[in-house]
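Working notes for the structure below.
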Amino acid sequence: MDAKQKGNAKQKGNEQTYQMNKKHPYGNRLWWRKRLPWFLIDLGFANKGKDCESENAKHSWYRIDNNLSGCYYCNSIVKGQKWKS
Ligand SMILES: [Zn+2]
């Protein structure tokens, strides 16, 4: 097998791999569902509003800015860098 043939064989192999990994028609949907909060909405969790602490749950803080932390689960916003801890 000369170098050119080798190259062709390799290319064919890549093509097959590509076919096998081709996106599932619902692949994008799954991708979004995994990453966006609306999958929580679908499951009935999502509506923000209740305070986690009133449900005996912990807040899960994200950074709003250097002085404010917000909770993913409820509408709580507090001063301080809660997201740091
Ligand atoms: Zn909360």
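Taken together, the values in this text are just the output of simple stated rules run on the coordinates, not laboratory data. Computed from a predicted structure; not experimentally measured. No Cβ is skipped: glycine too gets one built from the backbone with ideal geometry, and neighbour counts run over all protein chains shown.
Taking the number of Cβ atoms within 10 Å of each Cβ as an exposure proxy, the fewest-first ranking of SER69, SER54 is SER54, SER69.
Can you tally the net charge around ARG63? Count Lys and Arg as +1, Asp and Glu as -1, for every other residue whose Cβ sits under 10 Å from the Cβ of ARG63. Walk me through the intermediate numbers first.
On the way: positive: LYS82, LYS84; negative: ASP65.
Local net charge: +1.
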